[in-house]
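Working notes, structure below.
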Amino acid sequence: MVEVLEQRSAPETIEATLNYIVNNGEKLFTATAGPGGLDVRSGGTLDPRRVAIHDGRPHARDFALDRQGFRFVRHDTKVADFFDEDEVRRVYYPEMEALVKAESGATRVVVFDHTLRTPDQDLREAAKIREVVRRVHNDYTEWSAPKRVRDLLSDEADELLQRRFAIVQVWRPIRHPVECWPLAIADAQSLSPADMVVTERRYEDRIGQTSAISYNPAHRWYWFPQMRPDEALVFKVYDSMKDGRARFTAHTAFDDPTTPPHARPRESIEIRTLAFF
């Protein structure tokens, strides 16, 4: 296991507004933009809610991937430049394969995608990276997760889908600590399947699905203040096992009320993996 970090000085709990969706039966769609562009969302009504978000650092050792759906770990990387895609694939992908194996217990991990994000428009357009996601969501559904296996590993898919698999992501800041728009994540035990609203995600070459999340006062939210580039959040967005373990993990960027004046814009990377057991 990778060592978790010690507690930092921060408020134990803050209040912030998270953007949920009203589950009124309306179909939701997201048209995915090209590099440096902005996604276009249609359908549905945003439902901003003030919620309590707890500092997860003091509780980091208590979080388990199969219980809360996430783990917060100390993890160094040898990547010098996350804006160099070749270096990310050559250096970071193997690092993440090893990390996800260690945290999940998977026997095989396939890294299949990564995304850089920032709320800064100039950097997003210049570096051709993506915006932060300011809506509570989970990245895969009962339909889209197995489809990803079929899309990526078509020759093996029938055999692989006979046994347990998960989609595990790793999120971390790059270049400097997070000073604004951090990531909040909900305890998977507090998320009900009834809270999840299927969203069709349209790419140039394929159709996917994610889930927007409707408000539930039972949700228990955490964030990890001032996350550094040597820290990572490992979390599940799908697990095929239906035995009571964590299967989905709602998360979102949020406007942190403790953000200092003149904060540097967040720069982060998330990586997506298929984990087979």
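With contacts taken as Cα pairs under 8 Å at a separation of at least 6 residues, segment 113-226 carries a relative contact order of 29 percent. The length gained by stretching the chain between THR115 and LYS27 to full extension, at 0.36 nm per residue less their Cα-Cα distance, is 29.1 nm. Let me know the shape class of segment 113-174, please: from the alpha-carbon gyration tensor, a ≥ b ≥ c as square roots of the eigenvalues, rounded when a/c is under 1.5, otherwise prolate if a/b is greater than b/c, or oblate. Prolate, because a/c is 1.5 or more and a/b exceeds b/c.
Computed over all pairs of different Cα atoms, the Kirkwood value for the hydrodynamic radius of segment 102-222 is 16.9 Å. Could you please state, rounded to a whole Å, how far the C-alpha centre of segment 216-245 is from the C-alpha centre of segment 35-94? Distance between centres, Cα-based: 9 Å.
By its C-alpha gyration tensor, with a ≥ b ≥ c as the square roots of the eigenvalues, how is the chain shaped: rounded for a/c under 1.5, else prolate for a/b larger than b/c, else oblate? In terms of gyration-tensor shape, rounded. Using a probe of 1.4 Å on the protein chains alone, the accessible area found for TYR238 is around 10 Å².
At the listed q of 0.14, 0.15 Å⁻¹, the Debye profile of segment 1-145, built from one uniform point per Cα, gives log10 I(q)/I(0) equal to -1.06, -1.22. Between ALA98 and ARG163, the modelled label-to-label distance comes to 2.4 nm, taking each label 7 Å out from Cα in the direction of the beta carbon. For the set ARG41, ARG164, ARG150, the ranking by accessible area, highest first and with no ligand, DNA or RNA atoms included, is ARG150, ARG41, ARG164 under a 1.4 Å probe. Hull volume per residue, based on the alpha-carbon atoms of segment 155-256 and their convex hull, is 162 Å³. Percent of C-alpha pairs per 5 Å bin in segment 202-277, short distances first: 3, 8, 16, 20, 19, 16, 11, 4, 1, 0.
Annotation: extensible slack from LEU123 through LEU46 equals 25.0 nm (criterion: 0.36 nm per residue apart, minus Cα-Cα distance). Among GLY105, GLY36, GLY25, the largest mean-square fluctuation in a Gaussian network model of the chain, built with springs joining Cα atoms closer than 10 Å, belongs to GLY25.
The values are calculated or read from the model by the stated rules, or taken from the named source; none is laboratory data. Please read all numbers here as calculations on a predicted model, not as lab measurements. FYI the Cβ positions are ideal-geometry reconstructions off the backbone, even for glycines, and counts take in every protein chain you see. Remember, those area values only see protein heavy atoms, side chains included, never the ligands or the DNA or RNA. Shrake-Rupley method; radii C 1.70, N 1.55, O 1.52, S 1.80 Å.
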